[in-house]
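Accompanying notes for the structure given below.
The values are calculated or read from the model by the stated rules, or taken from the named source; none is laboratory data. Since the structure is predicted, the reported quantities are computational estimates derived from the model, not experimental observations. We place every Cβ from the backbone using ideal geometry, glycine too, and count neighbours over all the protein chains shown. Ligands, DNA and RNA are excluded from the accessible area calculation, which covers all protein heavy atoms including side chains. Shrake-Rupley method; radii C 1.70, N 1.55, O 1.52, S 1.80 Å.
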Amino acid sequence: MKKIGLVGGISWTSTVDYYRYINEGINEGLGGLNFAECLIYSVNFDEFQKSNANYDWDTTYELLLNAAENLIKAGAEAIVLCANTAHIVADCIQEKIQLPLIHITTATANAIHEKGLKKVGLLGTTYTMELDFYKDKLRTHGIEPITPDDQADRDYIEETLLHELGRGILNRETKKKYIGIINKLIARGAEGIILGCTEIPLLIQQEDVAVPVFDTTKIHSLAAVKFALS
């Protein structure tokens with residue numbers, strides 16, 4: 001079994017699910033009392049968010065690279081950045097560490113292809129929805145992403161991710177609002193919905209949505225399991 005290094009804490013609420021999914025996946029694959037050999041470096045979410053808010057990607061890069069390098073020193077054989085937004089600097093980190101970095105967007109694109117879909121709605125942080133790093137990666141895989149076209153909807157998602165879901169707070173009214181935003185994307189032709197922030201699956205599940213939902217936390221975790229067992 002290969003040892004996985006998880007860069008977590010962005011936020012801790014979804015890192016918990018990464019740890020659970022990876023251990024469950026290893027046990028399903030190997031049975032018995034086999035569970036994952038993994039390491040977690042949990043960064044301070046406040047530092048991550050402040051650098052992002054200033055569009056200071058150099059500081060974000062240094063923060064996450066430091067975490068990845070510490071995991072490698074401890075024996076990690078691959079790195080998992082446990083957040084969609086963190087992948088703004090994923091390619092730069094991959095180039096620096098010279099070890100496999102299991103990319104969340106690639107794993108998600110593979111899951112979308114398995115469903116035979118071409119046009120999908122994308123929910124996530126402001127950076128994931130408005131910058132090109134995530135959408136362009138999907139396009140290279142032949143997938144057309146669409147995001148909420150209402151600025152107020154995008155702002156609402158960002159605020160609730162920071163001040164509710166990122167703190168483990170689940171609100172019924174927030175869920176209702178998210179479902180409304182998702183239904184607008186479906187009305188615009190979305191054949192599926194990417195829950196493109198690892199906290200969103202805490203609030204939205206498949207049974208809440210009429211089209212296929214892509215839980216990036218679970219998809220990314222299972223890609224890590226596949227690598228660990230390869």
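Take the conditions buried (at least 16 other Cβ atoms within 10 Å of the Cβ) and in the same structural domain as Thr60 (by the TED database) and apply them to Ala190. Does it pass?
Numbers: buried (at least 16 other Cβ atoms within 10 Å of the Cβ): yes; in the same structural domain as Thr60 (by the TED database): no.
When the stated conditions are applied, Ala190 does not pass them.
Using beta carbons and a limit of 7 Å, which pairs, at least six apart or on different chains, have the first residue in segment 69-86 and surrounded by fewer than 24 Cβ atoms within 10 Å (Cβ to Cβ) and the second one among the aromatic types (Phe, Trp, Tyr) and modelled with pLDDT of 95 or more?
Taking only residues 6 or more apart or on different chains, the pairs are Asn70/Tyr41; Ala78/Phe227.
Pick from segment 1-47 the residues that are in contact with a Lys or Arg (Cβ under 8 Å, 6 or more places away or on another chain) and of a type in the set (A, V, I, L, M, F, W, C): which of them is surrounded by the most Cβ atoms within 10 Å (Cβ to Cβ)?
Cys38
Which number in (1) at pLDDT 95 or above; (2) buried (at least 22 other Cβ atoms within 10 Å of the Cβ) marks the one condition that Glu207 misses?
Unmet condition: (2).
Somewhere in segment 157-169, is a residue basic (Lys, Arg), more than 19 Å from Ile112 (Cβ to Cβ) and at pLDDT below 95?
yes
Which residue pairs have Cβ atoms under 7 Å apart, sit 6 or more places apart or on different chains, and have a first residue in segment 10-28 that is over 18 Å from Asn44 (Cα atoms) and a second that is open to solvent by 80 Å² or more (accessible area, probe 1.4 Å) and among the charged types (D, E, K, R)?
Once the first residue is over 18 Å from Asn44 (Cα atoms) and sits in segment 10-28, its partners that are open to solvent by 80 Å² or more (accessible area, probe 1.4 Å) and among the charged types (D, E, K, R) give Tyr21/Lys218.
I need the helices (runs of 4 or more DSSP H) fully contained in segment 42-130, keeping only those with at least 1 residues that are over 27 Å from Leu203 (Cβ atoms). Let's see the steps before the verdict.
Working: elements: 45-53, 57-73, 90-97, 104-114, 126-130.
The qualifying helices (runs of 4 or more DSSP H) are 57-73, 90-97.
Of all residues being farther than 15 Å from Lys226 by Cβ and crowded, with 18+ Cβ neighbours inside 10 Å in segment 95-108, which is nearest to the chain's Cα centre (by Cα)? Just the residue, please.
First, pick out the residues of segment 95-108 that are farther than 15 Å from Lys226 by Cβ: 95-99, 105.
Narrowing the set further to residues that are crowded, with 18+ Cβ neighbours inside 10 Å leaves 97, 105.
Numbers: Ile97: 20, Thr105: 8 Å.
The selected residue is Thr105.
Of all residues in segment 137-166 being outside any strand (DSSP E or B) and of a type in the set (A, V, I, L, M), which is most open to solvent (accessible area, probe 1.4 Å)? Please lay out each step first, then the result.
First, the residues of segment 137-166 that are outside any strand (DSSP E or B): 137-143, 147-166.
Of the ones still in play, those that are also of a type in the set (A, V, I, L, M) are 138, 143, 152, 157, 161-162, 165.
On the way: Leu138: 0, Ile143: 4, Ala152: 61, Ile157: 0, Leu161: 8, Leu162: 36, Leu165: 1 Å².
Taking the candidates together, the pick is Ala152.
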